[in-house]
Amino acid sequence: MSTLSAPARSAPSKATTGKAAKPRTSGSWKRRLPLMPALLFTVAVTQLPFLLTVFYSFQSWNLVRPGSRHFVGFGNYLDVFTDSQFRGAMLNTVILTIVCVFFSLLLGLGFALLLDRKFLGRGVVRTLLITPFLILPAAGALLWKTTMFHPSFGLLHFVFGTDTDWLSAFPLASVMAQIVWQWTPFMMLLILAGLQSQPKEVLEAASVDGAGRVRTFTAITLPHLSRYLQLATLLGAIYIVNSFDAIFLMTQGGPGTASTNLPYYIYQRAFEGFDIGQSSAMGVIVVILTMIVATFALRLMFRTFAVSGGVK
């Protein structure tokens, strides 16, 4: 009898539980209350404009024709998906993002492996390699347009001795070169952080066991860097897919639409064509596609972190 009644006596009553939970709830609200202004500001700056964009995407509204605004439902979205220029801009965006992320990641890995070793003047070399990322994107685009790709005074004209107008002959490749130059330091810093977080004991043990540099890199260093490479790929893709400065200042999307990407095409429809409805629909589509890709990449990355951290 005494054995059966012991758990009943030890279990806390509902009143005791409620009294204990009350201070905990009030304490959590006291901690969260100072964050409310920042949360409200973030919602006002990001979510309200997006909701307004969604509302405009269901309207047929061109600023050139006053009084023509009316509700069209999903008509703007149907027009967007049947627009050949939109599909071409989307293809350019995908190509630009994949190529720039790949080469930025590859060059960043090479520079990070170089800076992970000790040599004379490493601090100066590190500063010089980081500098392109510290330059404003607009300034970097103008720098490449005037000093690299100019057909008469550019460095490429001096090196190759040709009068090729690189921005007209290779517009998308020229923009890619500038973006890769701009984002390689970012990739390098992330990968360098991963290299410097390697356990030195593991590397020393591999050296004692007779593993060479290539074997150590492929068997130990590269698996350790996988999470950093995935993070760099995700962040780089999110930023590069929204590239606007380089295209606007270097090629203006031309010749024709050869280097037009989605952000620049939306800018053209909104601020040059004054078509608020279709440009809003394009913006909503781009946001949804970006969220889908980012969600998939984040789940893959979190799964990698969980497996490497031993979380089931």
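Taken together, the values in this text are just the output of simple stated rules run on the coordinates, not laboratory data. Given the structure is predicted, the values throughout are model-derived calculations rather than measurements. With ideal geometry, Cβ positions are generated from the backbone for all residues, glycine too; neighbour counts draw on all protein chains shown.
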Point to revise | Compactness of segment 75-306 - radius of gyration and Dmax, Cα, Å | key: 20.8, 68
**Study point:** Charge dipole (debye, nearest 20) of segment 75-306; +1 at Cβ of Lys and Arg, -1 at Cβ of Asp and Glu
**Key:** 800 debye
Review point. Of 140, 73, 161, which is the most mobile in a GNM of the chain whose springs link Cα atoms less than 10 angstrom apart?
Key: 161
**Study point:** Stretchable slack from residue 136 to residue 193, in nm (0.36 nm times residue separation minus alpha-carbon distance)
**Key:** 18.2 nm
Practice item. Of the options 177, 285, 161, report the single residue whose Cα projects farthest towards the positive end of the charge dipole of the chain (beta-carbon charges: Lys, Arg +1; Asp, Glu -1). Key: 285
Practice item. Specify the residue with the greatest mean-square fluctuation among 225, 78, 192, computed from a Gaussian network of the chain linking alpha-carbon atoms under 10 Å apart. Key: 78
Exercise for review: Determine, from the Cβ-Cβ distance of residue 295 and residue 215 and an R0 of 45 Å, the FRET efficiency 1/(1 + (r/R0)^6), rounded to the nearest 0.05.
Suggested key: 0.80
**Study point:** segment 95-142-segment 240-307 distance, computed between alpha-carbon centres (Å)
**Key:** 24 Å
Exercise for review: Mind telling me which of 273, 67, 108 comes out most flexible in a GNM of the chain, alpha-carbon contacts under 10 Å?
Suggested key: 67
Revision key, fill the gap. FRET efficiency for residue 94 and residue 30 from the Cβ-Cβ distance with R0 = 45 Å, rounded to 0.05, comes out at 0.40
Review point. In deg cm²/dmol, rounded to 500, what helix-only [θ] at 222 nm does the chain give when every DSSP H run of at least 4 residues adds -39500 (n - 2.57) and the total is split over its residues?
Key: -22500 deg cm²/dmol
Check your understanding: What is the chain's relative contact order, in percent, from Cα pairs under 8 angstrom and six or more apart in sequence?
Key -> 27 percent
**Study point:** Charge dipole magnitude, Cβ of K and R +1, D and E -1 - segment 16-151, Cα centre, debye nearest 20
**Key:** 940 debye
Review point. Considering the dipole of the chain built from charges on the beta carbon (Lys and Arg +1, Asp and Glu -1) around the Cα centre, which of 84, 228, 244 is farthest to its positive end?
Key: 228
Check your understanding: Using a simple spin-label model with points 7 Å from Cα along the Cα→Cβ vector, what separation in nm is obtained for residue 288 and residue 146?
Key -> 4.3 nm
Review point. To the nearest 0.05, how large is the calculated FRET efficiency for residue 155 and residue 244 if R₀ is 22 Å and r is the Cβ-Cβ distance?
Key: 0.30
Point to revise | Whole-number D in µm²/s for segment 18-149 (Stokes-Einstein; Kirkwood sum over Cα pairs; 20 °C, 1.002 mPa s) | key: 99 µm²/s
Study note, to complete from the structure: Projected onto the charge dipole of the chain (unit charges on the beta-carbon of Lys, Arg, Asp and Glu, signs +1, +1, -1, -1), the Cα from 63, 264, 36 with the largest positive-side position is that of 36
Study note, to complete from the structure: Along segment 54-67, Karplus-curve 3J(HN,Hα) (6.51, -1.76, 1.60; θ = phi - 60°) to the nearest Hz, with x for Gly and Pro, reads 4, 5, 5, 5, 9, 10, 9, 9, 10, 5, 6, 10, x, x
Exercise for review: Using label points projected 7 Å from each Cα along Cα→Cβ, tell me how many nm separate residue 84 and residue 205, to one decimal.
Suggested key: 6.2 nm
